[in-house]
Amino acid sequence: MLECNVVVLKNCFRLCVIYRPPPSRTNKLKNSTFFEEWSEFLDRLVVTPEELVITGDLNFHLDNKNNCDTRKFQETLRDHGLVQHVRGPTHNHGHTLDVVITRENSLILKTVPSVQDPSLCDRKGNPSGDHLALFSALEISKPPRERKEVTYRKLRNISTDDIIHDLVNSEIFQNQERPLEDLVNLYSTELSSILDKHAPLISKNLILRPNTEWYTDDLRVAKRNRRKAERRMRKTKLTIHRQMFRESCITTNQLLIKCKKDYFSSKISEIGHDQKQLHRLTNDLMGNKREIFLPEHEDDKLLADKFCEFFVGKISIIRDSLSTTNTSSSDSNPMRADIKFEEISGTTQKDLIIKTNSDYELVSRAISGRSFGYFIGSFIGGPLVDKLGNYCDLMIAISLDGAAIATIIAPYSSNVGMLGVLLVIGGTFEGVINIAGQKLILNLWKRKATGPLHILHFGFGMGSFIVPQIANPFLAVLAPSLDITNASSINGTKSPFVIDPVTVTATTTNNTIAVIFLKESKIESAYLIVSIIVASLSVVFFLYQFCNRTTVYTHVHVPGEIKESNFRKAVKLVDPATCADGNRCFGVQIFLLIFLYFFNAVGGERMYSKFIRSYAIDKHKFSGDDGSLINTTFWICFAIGRLTGLLTGRFIPVRILIVIEASGVLVTAILLEIFARENDLALWVLTCPMGFFLSQLFPTGIGWGDFHVEFTGIAITFALMGGALGGVSYLWVLGYLYEYQGYDMFLHQLVFYGGCMMFFTIIMTIVGIKHGGRFERDTERHTDENAVELDELDEDITCINDEA
């Protein structure tokens, strides 16, 4: 139903348009329900003071007087003082379905409604519709056409000689030594008076008419033929003439649609890529008026000054924010716990674009080479640590020096290929450092290694936070209005002073533009400082290796028949039985559980850290700043969890600790699913425990594995590969679900992840309790060996006594 008040000058009436769908099994509508609602509607409507006009399609056969529904409908109208004016069939099947209802004594209808064929057509011009049209005149005035007052000057009628004469004789050329403000006022008043003299303002009232540029001559002829056919049909009332009129209507409608379509298509083609003109054309099509609404003001000059102050201030704010953005390290995440010296490449990404004459895409590909190198280092580091376990300090020292050298050379790369190779080398050294460092912690602390492992990973995050702060003072600052994103080649000229701007010519395929730097890039110094810090750390590990090494390899001659072949040594190196005291079945179980554990632990961590900001913005409508803030909150709690792990790993057994952490993740995920789908506060609050528990899963998993088997370099590599595969898999799956199934799939996937973590943790706990820890098995073995030695000593003493 549509109900509205129509006001034309002093005339006012209420128009109601009603449609009642016919009852069916699908809509389950009943006539009794309609009559109840119809009576309530009329009770409310008849008490209004305005004239009433009710029209629409009620789907009652009002021509059938014997129909009970028809009688009931007519009785309802009489009870409310209303009358239905339509006489004759309004449907092509010969029934009266449409109505025009007014008050009994109303004079708003000037003529009785007449039924005519409207010859309606669809978008393609084909006949459509099964209802006839109702025509009736109302006793209301025709609304006047809209008028608009415009002011203009006849500038073309100005005589050039006369206006030059008046300008020369004006006070502008006679008083040139006045103050600046007086001269400005003089120019304004004199020029305005001269212009008013030669081209005074003229006001005119215009009648606003609709745009009919699409109205062609062919359409005019078609409409003339249609009117001729209509007059002939009304005069003769023959069926053949009625059919001719209908065909004429169809032809005219098809031509009308074609004319409008061709006109607006040509307009859009002429506009091309001009979005402003396209937006204006769209507004015209939608009937939007081009009106400018200004704030209330008394003086136009004061209003113009306010606008000027606003935009000048806005430009200053934008420039300040762009300068701050150029000097900040927004490309890095200060709480990532997997990068140390390599973090500088992300912070200096824009400067590397300048150094390598490239763009964001190419430099991003080069930086991604660090991950490829990390995989290489993981594969190399595992066998190296197992083969040369006594030289872990030396491996770390050499890797630190190698990474420092690659870091120093990186900013001097002349092309992206060289930069990518250096970053791959640095990533390779990083992978070796990761495995060797964790193996050192496990060897030093043994069954109490869980706490120190948390501190180790916390240190990675601290390095990721410190490195961007070192690089910030040396980054280039681009002029606020310029950007180098689309530059295909950049040739820079260095200035001898830091404070001088640097002019860079950015050559594109179409034109050449000048790019101005407020401060030139000196990232070579930043890379050098980071490299010196990294290389200085290697000195400590060299000292540990050569001055404080307590274990020395001794070469014992082994008979040839029991020497192991190189192939057997390689097989033994990767054999799970090597880590599990010869129990291959137990070793395979631990390796499989460790792989699945890290697959889910790292996958869940990457999933939450990468999607929490997007989910907060997309689902909860956070602003960009709030989304970044909740992401930062997650990483802060993540770092706090790593630091807290030092105490929890010290005083809580690793078997219990891993269950507590997995339970915390599952409970937090369930609470997020229940409360955080619509509640912003719940999302903020529950993000903190999620970051806290997620941070401890990785180091605790390493500690749990070393508690049950000897966690060799191959075992650490196996865990890292599981984590890498899990991170990729979780992000791919959630990316697809998030895109095609909705934003809530983030929380659903989080609950699934928490359930998987709890499931595998329980299985790991059962397997661990069944077989016991390796330190417990070592204690039992030593006890058995001591018991055997005591038995042998007792036998010797007995033999001596017997001989005596």
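What follows is calculated from the coordinates using simple rules that are stated; it is not laboratory data. Fair warning: this is a prediction, and the values are worked out from it, not measured in the lab. Here the Cβ is made from the backbone with ideal geometry for all residues, glycine too, and neighbour counts use every protein chain on show.
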Which of the listed residues, Ile271, Asn283, Ile194, is farthest toward the dipole's positive end in the range 184-288, when Lys, Arg count +1 and Asp, Glu count -1 at the beta-carbon?
Asn283
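Note the direction-averaged projected area, equal to a quarter of the hull surface, for the Cα convex hull of the range 154-248, in nm². Provide the component values of the computation, followed by the final result.
Working: hull surface 47.1 nm².
The number I arrive at for the range 154-248 is 11.8 nm².
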Ranking request for peptides 389-402, 427-440, 647-660: highest mean number of other beta-carbon atoms within 10 Å first, then the rest in descending order.
427-440, 389-402, 647-660
Distance in Å, no decimals, from the C-alpha centre of the range 303-317 to the one of the range 79-96 is 65 Å
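Too long at a 25 Å Cα-Cα cut-off: which of Lys154/Lys306; Lys142/Lys289; Lys110/Lys142; Lys204/Lys276? Let's see the in-between values first.
Working: Lys154/Lys306 31 Å; Lys142/Lys289 22 Å; Lys110/Lys142 14 Å; Lys204/Lys276 29 Å.
Correct reply: Lys154/Lys306; Lys204/Lys276.
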I'd like the FRET efficiency for Thr189 and Phe546, computed as 1/(1 + (r/R0)^6) with the beta carbon distance as r and R0 of 60 Å, rounded to 0.05.
0.05
Links exceeding 27 Å between C-alpha atoms in this model, out of Lys10/Lys260; Lys223/Lys261; Lys28/Lys619, come to Lys10/Lys260; Lys28/Lys619
Using the Cα atoms of the range 2-135, I'd like the radius of gyration and the largest Cα-Cα distance, Dmax, both in angstrom.
15.8, 47
Cα pair distances in the range 202-272, grouped into 10 Å bins until the bin that holds the longest one, percent each
18, 31, 25, 18, 7, 1
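So for Asp284, Asp130, Asp63, Asp386, fewest C-beta neighbours within 10 Å to most, what's the order?
On the way: Asp284 14, Asp130 9, Asp63 17, Asp386 22.
Listing Asp284, Asp130, Asp63, Asp386 from fewest to most nearby Cβ atoms yields Asp130, Asp284, Asp63, Asp386.
Under the Kirkwood approximation for Rh and a Cα-based Rg, what ratio Rg/Rh is obtained for the range 573-772?
Details: Rg = 17.5 Å, Rh = 17.4 Å.
With Rh from the inverse mean 1/r over Cα pairs, Rg/Rh is 1.01.
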What whole number of Å gives the distance from the Cα centroid of the range 227-271 to the Cα centroid of the range 601-679?
67 Å
With 21 Å as the cut-off, how large is the P(r) tail for the range 630-711, expressed as percent of Cα-Cα pairs?
32 percent
Around Trp38: net Lys/Arg minus Asp/Glu count, Cβ-Cβ under 13 Å:
-3
